[in-house]
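What follows is a short report on a single structure.
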Amino acid sequence: MLFRSRWAKSAMAHSDSDHVRARAAIVFALSGDGANALHLVEAIADRSPEATVVKGNYLPVVRAALALRAGDPSSAVGALAPALPYGAGWLGYPLLPIYLRGQAYLALKDGVKAAAEFDLLRGGACTTDANFPCALAALQLARAHAIEGDIEASRAEYERFIAQWKDADADAPLLQAARDEYGKLAGRVAKAES
């Protein structure tokens, strides 16, 4: 997270455009630097209060990310309401409203709604796995299906995620977590079958 914040600060040192500042605000929010995130995005909103991208993406994403980090997934879902009409149609950080809404539903233990959000990522919104919402869609779907109790669908998504990440560092924390969760899921299956 330190590196992400450092990159955001570096980007702002090279450009003071609202677009760069909004992206930095999102990075700060995702990294847990709420003060910087809110300061930046609210300054942008003050300059362009009616800009659709500000009202429908930047503000909702920052507010939702901060609510999730604060352990308030219901507020995150509410914060993302202004982004609903725009779906995945944004340039820049287009998929974050979908991803964060899915994360909020996971935190609320609503596997059906979470799966619906992550399915949106897989259903055409992601043309490449090169951005993190797309790269993590299978893992989050696995978790959503596990919450629903759909063990076979969960197992398939864990296997998909692990296969997609086969070239990642073996000790990458996210990959390790996925392998651990997959192992526990396999243990539940074996226990149920015996």
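The values are calculated or read from the model by the stated rules, or taken from the named source; none is laboratory data. Please read all numbers here as calculations on a predicted model, not as lab measurements. Note: ideal-geometry Cβ built from the backbone for every residue, glycine included; neighbour counts use all protein chains shown.
Note on the stretch 1-40: among residues that are surrounded by 21 or more Cβ atoms within 10 Å (Cβ to Cβ) and in contact with a Lys or Arg (Cβ under 6 Å, 6 or more places away or on another chain), the one that is nearest to Gly71 (Cα to Cα) is Val27. When Leu174 is tested against (1) at pLDDT below 95; (2) in a loop (DSSP other than H, G, I, E, B), only condition (2) is not met.
Within the stretch 41-67, the set of residues being charged (D, E, K, R), surrounded by fewer than 18 Cβ atoms within 10 Å (Cβ to Cβ) and within 16 Å of Pro97 (Cα to Cα) comprises just one member, Lys55. Of all residues in the stretch 165-184, those being surrounded by fewer than 18 Cβ atoms within 10 Å (Cβ to Cβ) and touching a residue at least 24 places away in the same chain (Cβ under 8 Å) number 2. Name the residue that is modelled with the highest pLDDT, counting only residues in the stretch 70-122 that are surrounded by 17 or more Cβ atoms within 10 Å (Cβ to Cβ) and of a type in the set (Ser, Thr, Tyr). Restricting to residues being surrounded by 17 or more Cβ atoms within 10 Å (Cβ to Cβ) and of a type in the set (Ser, Thr, Tyr), the top hit is Tyr105.
So which of Ala8, Ala45, Ala25 is touching a Ser or Thr at 6+ places or on another chain (Cβ under 9 Å), small (Gly, Ala, Ser) and assigned to a helix (DSSP H, G or I)?
Values: Ala45 fails: touching a Ser or Thr at 6+ places or on another chain (Cβ under 9 Å); Ala25 fails: touching a Ser or Thr at 6+ places or on another chain (Cβ under 9 Å).
Answer to the check: Ala8.
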